[in-house]
Structures are given as structure tokens and as C-alpha cells.
């Protein structure tokens, strides 16, 4: 009997392929992409014969930017179209029909199954086709990435552009959630990777809302300290998106600590520290009713394949060619992406300092620096960095070089894998001076290659590694340097060059075992995840994570409902908690939104607060007479469009107030900053302005004394946010909610009548949004849950299309509190955004939710989606006519362009490395000094 395989859905920000369309949308070319080699190696490992016996892997990823081959047909088509402007821009619109998408999907799957480097099964591409495909990267690369690398910058495009970027970021994550929904089966493990997909875990919680849903997230980049992270405008949405996962894992413990700190300060989460099964520190972060495990596990490289690929006759030949080109010289290598955090500038400055401090090495060393272009190469920041590097290279070469020697060979391009491996092998020293990164795999690969004996005496050559690289926490025995200290780096380079053979061997024996393998990383991650996701453990059900409020579904339900009831707390829900309660007045935005909601005759809005009548009447009742008001947690009620307040406690013995007041006064005298709020019925002791520790200590003492009085008078003592309130136990917010729901919608209330009315389902509300932030609001949520369970048995065939009755009990605020609500919002700002969405003031993509998108990122069946379908049909016809014109023109064309089949290589025809195959690229890299000098001075200006 075969054992059932564990299904794993791996979500990556981009599939490891580059797709180019040909003359028509039915022709394409798919080839391997570069980057994220460690992650792709993990995907490949899970597909190996050994792992395939245990796991069934499905890979979901965006296709990346799909480009058009630079062929005659596309250029003629562009000429005929004259680059007509549409709402989406001037570039290739990429209108692909469903059959073309199906064919391309099949081609991607076939490519993935037969790829020599990364073999994958069950690949599911995410289609987001637009003219401006770069839009899906904007927020991740221009806002998140800089902040996570300690770069604070204001957008040159302004706040409006950043909002658009955010909406596209939300859509990007929603597209993944939709794709997962197509293939997900109960029991699957969903593994999400890196900062492009930080909203996805919470989106999946909303979509599936299953107790045994297992979501893991691995963050490959650095995570900054809270002082930097809190600068992100949408910091809470990002954190809230991540804590939807069961496990969040980082490259090292420092990043994990920073994340936990952000959760505690911004989401008010709780945390405890312990050890996992592997003896690694982990944090249990209390978030939205569950425990999220936060830990670290540094990623590795595929050492076996790397050694196999690096030591072949072909690589041997290239190594020998480079050595012959630089005979008698020590070869330093560096390979970095040319962005502000990879430390290329710091490396060049340190190298210049080294040549100045140690003149004896000037004619004996050469630095081969390969800098790959960043994603956003056209930005002003990238351009300035290119200029700076060019100036440094030219300065070093002019100062310390000559006609027969250039100390720096700089190549601004991506190089083929075999060229890269030959550089790793030939290097006498590798220098990595990144000022911030998650895990520098170049360091791991260099140490791996140097662990192998070969005929070129390269075993054990040292590594100079930045202390700010994530790799430094793993390769602790490398030569660790501060890249900002050029003198110290120069001294370390000199020290590395003077190591004896025995010292190099000893160093390699210490550092080689420190290199993590991708196989070990993958196995450990999944092994530890098993224990975390064990739903049979004691208390597992009690630790169920409460998902975020699914606002797109809420909006659709709202639109279809005919009898809507809104039940809102005030402090901490509609307005933020402030130190002075009198200062918590409603904002202009809140008044505007409530006015629009109340203007709809289908809506009834009730504010159910602990505030007294005077406050509610002054700030809300007088401005918005259409609101229903409940003061002092249900003791007083004012119906919609009424001026009369009803006292539900008028027959209750109020002599308890004197005894309770005396006890509170004694505690107030001993607690500076505390005060008593005397309402008509309830008494509240506030300690928000007191010293926090003293306030909490005396609050506990006060509660013990009040419990003695409560037993005598049937009182309830409620713990609020920095307050204790005492009131009769028979009135509470839950009782008010019960009377409002079991009532004919739109009719006047008789609050003194405690009997439940006999009504039909069609007379009662069919949409109820209940929002509150503290323990007193749990009474409302409990009551709604009870009513819903009664309706399920009483009206089983009257549920809506979402299989519910339109009940939305939703808690607001601190993620650490336990709740019976079925959803959560992080703060009053999200409350206003949610209500603004209902009245049309806020974009659907302000926050993430369950949305069905088409292949272009439009909401399915929306006006834009239908318009896009029409444009697609028109474009197909126009392209067909263009191809007909091409054939006519082609018959007259006497001279065909040569090399049309090699159009994909034209873009790099003027560069020094990637013009032809890797062998000729290496030849250029190791060619004559004159050509090397020319390349070093012009490589960036290209």
C-alpha cells in the first residue's frame, strides 16, 4: 500500500524562466533565468527522486516580464500601430487569448520537467499581462526593498504613485491567492517566499479559514530594526499579512528578533522565547488568537551540484586561460548586483586604500569585479551609482595602472554560469563588502569550490567577508571586516595574501563545515514545520488564528443586502485610544463616512459605547440624528431619529455606587495620575495617565476589593484599556445587540420590552457588521455568534452565497488579545478604510482580500476587464493585418537581415562578456591587456 505524499505548494515571486514571444503570440521562447539560485535549488531538490517519494511539489510563480523578440514582424506591427496610446501605456500590450495562455502554460511545464539545471513538476504560472509589466515590482523594489536594507528615501513620484504601487502590490498577492485556490487540497503545506508576497499568508487565512491550514513563510532578505521598519506607511498591513502564517522564518536570529520587536510594538503582540526540536531559538508570537512561530534557519547552496559543475574539462580550460592572461598576479574576484547595499563602492575604495598602503602589491594583483545590473537600472539612483563606480575604476587604473596592467577589470553585466565558476576557481581571494544583505550565496559557493583539491593550487584560498552580510553569521571563521573601514579592509586583504599554505588549509577545514547545504536547509525547514503544524496537540483548537476581515467579500455582501445593521464601539474602534478620554472626539472623516452610511435607507447604525449620554449626544447625536446610541455599555439607549433616552436600569438599586466610589477613592489617592469617571449608572476608574506598573498593581488590588461589593449587589466588573468599570450585570452590550437583531428592521425600538419578537427571517437584518476593540465588546460578538447558531438550525436553507447569514463580528486593535470574533482589523484607521470602501470613498485594493482577477490584473467581469477583452479582440485583428502586410513587404525585401534566429542575443552585442557563447566571453575576460583596459573604462558608460 503506497503512502500518501505530503503536498507542498511553493510560492515564489517569479518562476525560474524568461519568456519571449515571437512573431506572433503563438510563438515563444522559454529559457532559464538567472538569480535566486539557492531558492531554485531547493525547488529542484524537492523534485529529486529521493524527495519525490515523500512530497508532491507544486510551484506557483509569476512569469516575470514577458518580452517580445526583436524581430521584423513585431517592429512592422509597431510601425502600423504607431504606438497608439491607451489607458495602459505605450508598450507591447501583450494581449494573449485563453488558448495562447494554455499553450504557453503547457510549454512552461514541459520546459520545467526537462530543464537540465532545475527540474520541476506541477508548475502553475501566475499571469499578470500588462503593457507596463514593471508595475508589479514597483512597491516591492522601490518601497519595501530599500527600507529592509536601511535605506530611507522619499518617492520622487509622490504619494499618488506610491498608492498606485501599493494597489498593484495587493493585486499581485491576490493573484497568487486565487491561483492557490485553484489547486489547494485540505492538508497541503503552503510555503511562501520573500517580500513580494508578504500579504499572501493572511489572504490565504481569509480565503480558506480552516483550522488545519498550514502556512509557512521564509524571508530571504534582511529584516530591519523597528526604528526603520516603522517608517513604512503601511507597516501594519504588512505585519498583519505575515502573521497569518503558522511559521515565519528568517536567515538569522537577529532578523527574527527585529520582526518580533515590530510585532510587539506595532501590533501589540505578546511573545515568549524557547528552543525548537533542533535546539534553535524560536519565538511564540501571540497574534489574533493563535501562536505564530518565528525562528531562523540560514539558507544553503547545492554543494554537490556546484562541485560537479565547477570541476569539468571545460572549466579547467577556462581557468587555465585566465591564469595565463594574468600570469604572476594574484587574482581577486567579486560578483555583486550593482545596488547601494552590495558594497561595490566600498570594495573599490578599500582596494584603492590597499594599493596605497602596500605599494609592493601594485603590479602583482588584479581585481576582477563583475557587477550585474539591478532590476531598476534606469532609476536616477542606479545611474548615479554607475557613475560613481566608473569614476572609481578609472581613478584606480589611472593612478596605479600602466600600459601593460590595469589593477581593476570591471564588467557591468550578467555572466554565464561557467564563466562564474571559472572565476571562483581561479581566485586567490574573494572580497565581499556588502553593507546589508540576507544571505550572500557567492560567499557560500566560493568556500565550497575552494574545498576541492585541484591541479591549480587553489585549495583553501581565503574569503574576506563583510560583517553586515547575513553570511557572516554562518561563516564565522572567514576574515570578517567592516566595509566602511577602508584601512581595516586593506589590512585584511594584505593579511589574506600573506597566509601560508598550512594556514590556508587550516582555515578551509574550519570554514568548509560551516557551509549549509540546500538539502539540509529544506529538510530541516519541513521537519520543524511538522511539529508546529500539528493540529492534534493539546490546545490546538484554542489557538486558532483569527483571519483579517475579508473586505471585498464584505463589500459584495453589503451591496446585495437589503436590511443592514451596523454595531460600533467608539473608543479604540472609530477613534484611536488617547491619554485624555475627553480628547477622543470624532474626526471629520469619520463624520463624513457615518453621514453617507446613515443616508442609505437600508442602513441602521448604532454606536454602543461605554461613554456617557452627554458625550455621545454632543459629538454624535446632535450631528447625526439618524444614529442609534447606547451609552454606558447598554444602560441608556436613544433610538434612531429619536431625542428620548431610555434608562434600562431605572428600577435597579443604585446604592452600590456609594460603596464602590469609596473604594475607588482610596485607590485613587495612592495612584498619582488616576481618576474616577462617575457616569449616571456605571463608575469607571482610569489609570491611563498613571505610571504603568503602579497602575496595573493598584488595578489588581482594586479589583479584589470590588469583587466583595459585586457579590452583594449583582454587579459586573469589566477590565478595559487602562481602566476598571463597575455596572449592573444584567445590562451589557450583548443584551443591546440581542434586542437590535431580534427586531423588525427599520421599525422603532421598545427597549423596555425584554421579550424576543416572533419574526420571519426576511424581517430581520441580513447584514450585520459589529466592530469593537476590548473585552466589553466580546459580549456583542458572543451574542451574534449565539444568534447565528440559532439561525443555522432555524433557517438552514436561507444562507447567502457565502454560506452565512451576513454576520461579521470583528475585533479591532491589539493582536495579543483572545477573541470570539470571526475576523480582525488592526486599528481604527483600517475601520475607517473599511467603512470608506462600503460608501465608495476607498479603493478595493487599499487592503488585501479575496478578489477574482483576470490575466491582466483586472477584477473579473468589471468594466475594465470587459474593456480589456474588447481591446484584446481588436488587437488580435490588427496584428493579423500587420502580419499580412509583412508578407507583402517581405516578398519585396532584397536583403534579409542576417542572424534573425539569434535576435535574443542582440541586446548584449556591444558588451564584453555576453556577446557569444560562454567560451568566447571568457576569452574576452582573459584577453589582451589593452582590451581589458578598454572594457574597464567603458563598461558602465554603455
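No value in this document is a laboratory result; all are computed from the given coordinates. If you're wondering where the values come from, they're calculated on a predicted model, not measured in any experiment. A quick note on method: Cβ atoms are made from the backbone with ideal geometry, for glycine too, and the neighbour counts reach across all protein chains shown.
Give me the angle, in degrees from 0 to 90, between the Cα long axis of helix 344-357 and the longest principal axis of the Cα atoms of the chain, rounded to the nearest 10.
50 degrees
From Cα pairs below 8 angstrom and at least 6 apart in sequence, can you work out the relative contact order of the chain, rounded to a whole percent? Please report the intermediate quantities before stating the final value.
Details: 1679 pairs, mean separation 122.1, N = 942.
It comes to 13 percent, rounded to a whole number.
Could you tell me how many degrees, from 0 to 90 and to the nearest 10, lie between the Cα long axis of helix 692-713 and the main elongation axis, the longest principal axis, of the Cα atoms of the chain?
So the inclination is approximately 30 degrees.
Specify the angular offset, from 0 to 90 degrees and rounded to the nearest 10, of the alpha carbon long axis of helix 380-400 from the longest principal axis of the alpha carbons in the chain.
Tilt relative to the chain: about 30 degrees.
Could you work out the relative contact order of the range 656-728? I mean the mean sequence separation of Cα pairs under 8 Å and 6+ apart, divided by the number of residues, in percent. Mind showing how you got there, number by number?
Working: 103 pairs, mean separation 22.5, N = 73.
The normalised contact order for the range 656-728 reaches 31 percent.
Label the chain by shape, choosing from rounded, prolate and oblate, from the square roots a ≥ b ≥ c of the eigenvalues of the Cα gyration tensor; if a/c is under 1.5 it is rounded, and otherwise prolate applies when a/b is larger than b/c, oblate when it is not. Provide the component values of the computation, followed by the final result.
Values: a/c = 2.43, a/b = 1.73, b/c = 1.41.
Since a/c reaches 1.5 and a/b is larger than b/c, the shape of the chain is classed as prolate.
Quick check on the range 165-206: take the gyration tensor over C-alpha atoms, sort the square-rooted eigenvalues as a ≥ b ≥ c, and tell me if it's rounded (a/c under 1.5), prolate or oblate.
Numbers: a/c = 2.41, a/b = 1.75, b/c = 1.37.
Here the range 165-206 falls in the prolate category.
Please compute the length gained on full extension between residue 708 and residue 520, using 0.36 nm multiplied by the number of residues separating them and subtracting their Cα-Cα distance. Present the calculation step by step, with values, prior to reporting the outcome.
Working: separation 188, 0.36 × 188 = 67.68 nm, distance 6.02 nm.
Separation in residues times 0.36 nm, less the Cα-Cα distance, equals 61.7 nm.
Between residue 881 and residue 559, what FRET efficiency follows from the Cβ-Cβ distance if R0 is 41 Å, with the result rounded to 0.05?
Values: r = 42 Å, r/R0 = 1.02.
FRET efficiency, residue 881 to residue 559: 0.45.
Would you work out if the range 656-728 is rounded, prolate or oblate? Take a ≥ b ≥ c from the square roots of the eigenvalues of the alpha-carbon gyration tensor; rounded if a/c is under 1.5, else prolate when a/b is larger than b/c, oblate otherwise.
Values: a/c = 1.76, a/b = 1.62, b/c = 1.09.
Prolate shape, in that a/c is at least 1.5 and a/b is the bigger ratio.
What is the spin-label model distance, in nm, from residue 799 to residue 693 if the labels are put 7 Å beyond Cα along the C-beta direction?
Computed distance between label sites residue 799 and residue 693 equals 5.2 nm.
Given the C-alpha centroids of the range 598-648 and the range 484-527, what is the distance between them in whole angstrom?
About 69 Å separates the Cα centre of the range 598-648 from the one of the range 484-527.
Report the calculated FRET efficiency for residue 110 and residue 304 (r = Cβ-Cβ distance, R0 = 25 Å), to the nearest 0.05.
Values: r = 26 Å, r/R0 = 1.05.
Computed FRET efficiency for residue 110 and residue 304 comes out at 0.45.
Do the sum for the chain: with -39,500 (n - 2.57) for every DSSP H run of n ≥ 4, divided by all residues, what is the mean residue ellipticity at 222 nm, to the nearest 500 deg cm²/dmol? Don't jump to the answer; show the numbers that get you there.
On the way: 30 runs with 366 residues, N = 942.
Rounded to the nearest 500, the figure is -12000 deg cm²/dmol.
First measure r as the distance between the Cβ atoms of residue 531 and residue 186, then evaluate 1/(1 + (r/R0)^6) with R0 = 25 Å and state the FRET efficiency to the nearest 0.05.
Numbers: r = 20 Å, r/R0 = 0.79.
Plugging the Cβ-Cβ distance into 1/(1 + (r/R0)^6) gives 0.80.
Contour minus end-to-end for residue 677 and residue 384, with contour as 0.36 nm per residue of separation and end-to-end as the Cα-Cα distance?
Going from the current span to full extension adds 99.4 nm.
Stretch residue 317-residue 404 to full length: gain in nm at 0.36 nm per residue minus the Cα-Cα span?
Details: separation 87, 0.36 × 87 = 31.32 nm, distance 2.40 nm.
Additional length available on full extension: 28.9 nm.
Give the separation of the Cα centroids, the range 22-65 to the range 703-760, in Å.
The range 22-65 and the range 703-760 have Cα centres spaced 58 Å from each other.
Limiting things to C-alpha atoms, what are the Rg and the maximum Cα-Cα separation (Dmax) for the range 561-673, in angstroms?
16.6, 54
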